[in-house]
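Written out below as structure tokens is the structure these notes cover.
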Amino acid sequence: MIHDKSDQIEAPDMACLRQFVRDASQEAFTALVQRRIDMVYSAALRQVNDRALAEDVTQVVFITLARKAPDLVHRDVVLSAWLFRTTHLAALDALRRERRRRKHEQHAAMINPKKTITEPDESTWDDVRPLLDAALMGLSEKDRRAIALRFFEGRSVREIGSLQGISEDAARQRLWRATERLRVKLATRGVTPSALGLASVLSAHAVQAAPASLADAAAHAAFSAVAAKAAIPLSLKGAIQLMAWTKAQMTGAVAVAALLVGGTTATVIYVNRPPTERQIVLTPGAPPPTIRAPGRPAVAPASPMTPDMKDRFDQAYALDPGQNLKHVQPPFIPERDAYFQSVDPHDMFNMKDTSSIHVFLSDGHHTDLNQWNAAKSTVGQVVHDVFGVPTYKLDMLPADYNRAVFGDWVVRRGVPLEAQFEGLSKVVLDEQQAQIRFEKREGIRPVLIATGRVTCKPLNPDDLQTSGMRTFLVHFYLGKPPKKPNGMAIGDRGGLLRAIGEALGREVIYDDPEKPAPATQGSLSYMWSNHLHGNLSQEQIAQAAKNIGDQLGLTFALDQRKVSYWSSLPPTESASGN
């Protein structure tokens, strides 16, 4: 029983750990092990890819937890994040020992070739699994905590905010940023799931049921470790050695051995593994099964959207003949919530928020979500995010750009940009009696001319990744070169040039008289990190362009060129830039 009320408010994990330290309560520690055994075992199995070795690593992690408990209860830790990091270290050490053993026995290293992903937008759990833990270790502690609380502990966004002392909206943004950074880390290793796809596979697979007997084995091993304080080394390496010795020496259903280390006797309990669990084969289109771990309540899967509900949703969001853009204002029909639940069952991205941008594509009859953006839905954001018009190709008054237009946007597939602008003007006129008419123009405007052949000259050695695909990180900065990225995005050469233009406020035109071979450009995937903020002077633009060019092997020159752009201003008021 937990007596400290503050423990219950903070987190059940830490409450159990404090009771274990305070009262030497084996019941409290066992409850903690049972709560987190699936998470630790799943992380170990992902990394070592061997069930028996994963069980050994799991026991090592809880031995380490028991030994370090007196220190942990006085620190500000999210225990699931701490367990994840400890599992990673233990798994690395176990793999090193396993490789040495195999090399000794077989006189050859076993090398597992990396997997090449040919369809990055359809990445599966099998693609993500072997890379997940290393990618998570590359995140900051704050981001790793958010991921651990959401996907390893199954906490709601509200609970994450409460546990970390921030608002629910702030927790949602932190979780979004952490997931996006994790996605970028995975992209550098050759796997590029979408944000929704990554959240989905983590929710479904991050934690799997451990063997039924493993929790008891881990708890007993931890108690034995605490009882023999001087006998069992504190390091993970020493704990792995202990488990390896145990594995080699003992057989039978349950074996108990006395191990002399440094003149002190330690009792170690080792439980043999149960038979391999039955594999579950899912029929395409069938709902996922309810999996119940021993001693844990079953969690039913979210109810899918029924065909009738989808039909009603499609009818409400259908485009009329000749209509290319539709704005659906709140309040929304109930089928909308059911649809969002079907595409984002864990409400990770708060897609039901009426102030953000939701874009649907329609063929006139069937409608499906195409993108979601947490930015406030304004006329300017719709042009930028829904229509895909970069800021340097758009002239609008700030009052028009920031005019709120909350609701969902339905766009006809393949519709020309002119028709989208015409539809937006009609929406603003009908709903707000405001006239905003967009016109495509051509004029002399300031641009940046880029010349040269692209080469990789990273600021730091780690800025060029070679795992799975070559990914080159470009920093946009002024003054001192940055040491760490400030948010990141990823794309091809065209996306990189557009990002430079967005950051510097003018279009980038790439002039290459030699026309480099496509294979040279196709071998690189670009990431960029923007450290530039606010409006830049012409001198600052030139300096930032030089810093970017030095990394790319390009030369940027300020110039004036005749280019096309979109404007809602009278011709005399059209912005000309710096």
Residues located in region 164-179, provided they are in contact with a helix residue (DSSP H, G or I) (Cβ under 6 Å, 6 or more places away or on another chain) and free of Cβ contacts under 8 Å to residues at least 60 places away in the same chain: SER167, GLU168, ALA171, ARG174, ALA178
Residue list for region 152-191, filter: part of a helix (DSSP H, G or I), farther than 21 Å from MET39 by Cβ and among the aliphatic types (A, V, I, L, M): ALA170, VAL184, ALA187
Which listed residue is among the hydrophobic types (A, V, I, L, M, F, W, C), closer than 30 Å to LEU361 by Cβ and touching a residue at least 60 places away in the same chain (Cβ under 8 Å), from VAL428, VAL411, VAL454: VAL411
Residue match in region 150-163 (condition: under 29 Å from LYS376 (Cβ atoms), of a type in the set (A, V, I, L, M, F, W, C), without any contact (Cβ under 8 Å) to a residue 24 or more places away in the chain and touching a helix residue (DSSP H, G or I) at 6+ places or on another chain (Cβ under 9 Å)): yes
Elements of type strands (runs of 3 or more DSSP E) in region 311-425, at least 3 residues being surrounded by fewer than 20 Cβ atoms within 10 Å (Cβ to Cβ): 356-362, 367-376
Residue among THR118, THR86, THR124 that alone is modelled with pLDDT of 85 or more and either in contact with a Cys (Cβ under 7 Å, 6 or more places away or on another chain) or not small (Gly, Ala, Ser) (or both): THR86
Residue check, GLN26 surrounded by fewer than 24 Cβ atoms within 10 Å (Cβ to Cβ), more than 22 Å from VAL201 (Cβ to Cβ) and touching a residue at least 60 places away in the same chain (Cβ under 8 Å): yes
Counted residues, region 501-512 - those being in contact with a Ser or Thr (Cβ under 6 Å, 6 or more places away or on another chain) and in a loop (DSSP other than H, G, I, E, B): 1
Verdict on ALA212 being of a type in the set (A, V, I, L, M, F, W, C), at pLDDT below 75 and either within 12 Å of the chain's Cα centre (by Cα) or within 24 Å of ASP76 (Cα to Cα) (or both): no
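Being under 20 Å from SER525 (Cβ atoms), of a type in the set (Lys, Arg) and either assigned to a helix (DSSP H, G or I) or touching a Leu at 6+ places or on another chain (Cβ under 7 Å) (or both): is that true of ARG498 here?
Yes; evaluated as a whole, the condition is true for this residue.
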Considering residues of region 49-78 that are surrounded by fewer than 21 Cβ atoms within 10 Å (Cβ to Cβ) and assigned to a helix (DSSP H, G or I) only, the residue modelled with the lowest pLDDT: ALA52
Residues being charged (D, E, K, R) and either part of a loop (DSSP other than H, G, I, E, B) or touching a helix residue (DSSP H, G or I) at 6+ places or on another chain (Cβ under 8 Å) (or both) - total across region 435-458: 5
Any chance ARG158 is buried (at least 19 other Cβ atoms within 10 Å of the Cβ), in the same structural domain as GLN47 (by TED's automatic domain parsing), modelled with pLDDT of 80 or more and on the phi < 0 side of the Ramachandran plot: no
Residue tally, condition modelled with pLDDT under 80 and surrounded by 17 or more Cβ atoms within 10 Å (Cβ to Cβ), over region 456-484: 5
Pairs, first in the same structural domain as GLU98 (by TED's automatic domain parsing) in region 47-64, second at pLDDT 85 or above and of a type in the set (S, T, N, Q), C-beta under 6 Å, six or more apart: VAL61/THR86; VAL61/THR87; THR64/THR86
Qualifying position, being touching a Pro at 6+ places or on another chain (Cβ under 7 Å) and among the charged types (D, E, K, R), among ARG183, ARG174: ARG183
Residue check, SER194 within 10 Å of the chain's Cα centre (by Cα), touching a residue at least 12 places away in the same chain (Cβ under 8 Å) and under 19 Å from LEU139 (Cβ atoms): yes
Cβ-Cβ under 8 Å pairs, at least 6 apart or on other chains, region 387-399 side of a type in the set (Ser, Thr, Tyr), far side assigned to a strand (DSSP E or B): TYR392/GLU507; TYR392/TYR565
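The values are calculated or read from the model by the stated rules, or taken from the named source; none is laboratory data. All values reported here derive from a predicted model rather than from experimental measurement. Counting neighbours? That spans all protein chains shown, and the Cβs are built from the backbone with ideal geometry, glycine included.
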